[in-house]
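Taking it in order: structure first as structure tokens, then the write-up.
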Amino acid sequence: MFIVSLILVLTACGNGGKDATPKEKVEGVPDEVQGDIQVAVIRNLPSDDHTKQFLDGARKEGEALGFKVDTFISDGDDAKFQDLVKQAIQKKYTGLIISHGKEGYSQELIQPALDAGIKVVTFDTVADNEGLTATVQNDQELARLSLEEIVALSKNNEPVKVLKLWFGGIPPLDTREQIYKQYESEGKIQTIETIGPSNMQDIQGDISSSVSSILSKYPEGTIDAIWASWDELAKGGYNALKDNKRTDIPLISIDISNQDINLMNEKESTWLSTAAVDPNLIGTMNMRLLAKKIANEDTPSEYQLEPKLIKQSDLKEDTNMTNLHEVVDGWGVSDDFIENWMSKLKEVYSK
């Protein structure tokens, strides 16, 4: 009964892609990427803005190539995530994009897919099975860019007193934490308190309540900045500052969304900057790499996406994720892994 129910869940959660396929083979395009190509994108995080943009980038790129793309979210539930991956393998998808698998199980979880001939690309997943491509944001650089903004707030070269929003167990956040500890050990920053979520279904509300509950302990001048290692945490921290009228505490973060931009643009907002990679581009690049794998073309074992710094002072009133490239040079674009045959397929499926 459990397996039957799970199959129904897997089927129900997917967002089916295009059904149209060319009646004839497209000349100059590998046979392996023509026909009934089915891809599952499985994400082990809540349905936040970053997740939605990541899935949208992957889905649009896949459908532009004529693939059928199903997307699934486990809401950070490791057991549900593993079951979704296992069911996708049983359903014999052509390719899988697996996002945010944990170290304790990902290697073993992915191997049956590869053994079955399914192509696999991962994002922020701790696994190095032979045959997959692992993609990551440059999380160390994300941390450095954001922490340099905090260090710039130092007065008389004193350590910047930081309220830290972070929690462990998620690979990218753990990597960002390594750089944070380095800055801490070098005496550039001093951690006042660390706050993380206890309710993954309402991260913003949970963090907002937690930050609000401690702000009264810290009068003006005792916290120099808030560092948020993930923008879901940042939004909760920002709301707490706003609700408590604490315009004395700057907020520096990692990751970006339309909601973030709107909050940074609010009157008297203290959300000064964020370091980020375009989440839509991450999805796009994962799908390009998977398409090359399906075509049996060479792909690297690892691929890293480089971040940008977005400053409040650079934003315009109408800035959003779609036009952010107008104020941040190089935002959201990459020519990596674009092949002529991809352009041919996109021309066919755009008609």
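The values are calculated or read from the model by the stated rules, or taken from the named source; none is laboratory data. Please read all numbers here as calculations on a predicted model, not as lab measurements. Backbone-built Cβ (ideal geometry, glycine too); neighbour counts: all protein chains shown.
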Hey, residue 257 in contact with an Asp or Glu (Cβ under 7 Å, 6 or more places away or on another chain), in the same structural domain as residue 191 (by TED's automatic domain parsing) and among the small types (Gly, Ala, Ser) or not: yes
Flag for residue 322 being farther than 20 Å from residue 32 by Cβ and in a loop (DSSP other than H, G, I, E, B): yes
Identity of the residue in segment 91-129, in contact (Cβ under 8 Å) with a residue 40 or more places away in the chain and out of contact with any strand residue (DSSP E or B) (no Cβ under 9 Å at 6 or more places or on another chain), that ends up farthest from residue 43 (Cα to Cα): 103
Complete set of residues in segment 173-192 that are assigned to a helix (DSSP H, G or I), of a type in the set (Lys, Arg) and under 15 Å from residue 160 (Cα atoms): 181
Boolean, residue 235 is outside the structural domain of residue 29 (by TED's automatic domain parsing) and free of Cβ contacts under 8 Å to residues at least 24 places away in the same chain: no
Residues of segment 140-159 satisfying the condition of being surrounded by 22 or more Cβ atoms within 10 Å (Cβ to Cβ) and more than 30 Å from residue 293 (Cα to Cα): 143, 146, 147, 150
Condition check for residue 236: surrounded by fewer than 21 Cβ atoms within 10 Å (Cβ to Cβ) and not basic (Lys, Arg): no
Residues within segment 314-336 that are within 18 Å of residue 254 (Cβ to Cβ) and either exposed (fewer than 10 other Cβ atoms within 10 Å of the Cβ) or touching a His at 6+ places or on another chain (Cβ under 6 Å) (or both), tallied: 2
Counted residues, segment 216-243 - those being closer than 23 Å to residue 279 by Cα and part of a loop (DSSP other than H, G, I, E, B): 2
Per-region count, segment 196-226, residues without any contact (Cβ under 8 Å) to a residue 40 or more places away in the chain and within 18 Å of residue 254 (Cα to Cα): 4
Pair list, Cβ < 6 Å and 6+ apart or interchain, from segment 48-63 residues that are modelled with pLDDT under 95 to residues that are of a type in the set (Lys, Arg): 51/43
Strands (runs of 3 or more DSSP E) enclosed by segment 71-139 - at least 1 residues per element that are out of contact with any Lys or Arg (no Cβ under 9 Å at 6 or more places or on another chain) and either surrounded by fewer than 19 Cβ atoms within 10 Å (Cβ to Cβ) or assigned by TED's automatic domain parsing to the domain that holds residue 36 (or both): 119-123, 133-137
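If a residue must be surrounded by 19 or more Cβ atoms within 10 Å (Cβ to Cβ) and touching a Ser or Thr at 6+ places or on another chain (Cβ under 9 Å), how many such residues does segment 193-209 contain?
Restricting attention to segment 193-209, the residues satisfying the condition of being surrounded by 19 or more Cβ atoms within 10 Å (Cβ to Cβ) are 195, 197, 203-204, 206-208.
Imposing the further condition that a residue be touching a Ser or Thr at 6+ places or on another chain (Cβ under 9 Å) reduces the set to 195, 197, 206.
Summing the residues that are surrounded by 19 or more Cβ atoms within 10 Å (Cβ to Cβ) and touching a Ser or Thr at 6+ places or on another chain (Cβ under 9 Å) in segment 193-209 gives 3.
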One residue from 301, 229, 253, 213 being small (Gly, Ala, Ser) and over 19 Å from residue 167 (Cα atoms): 301
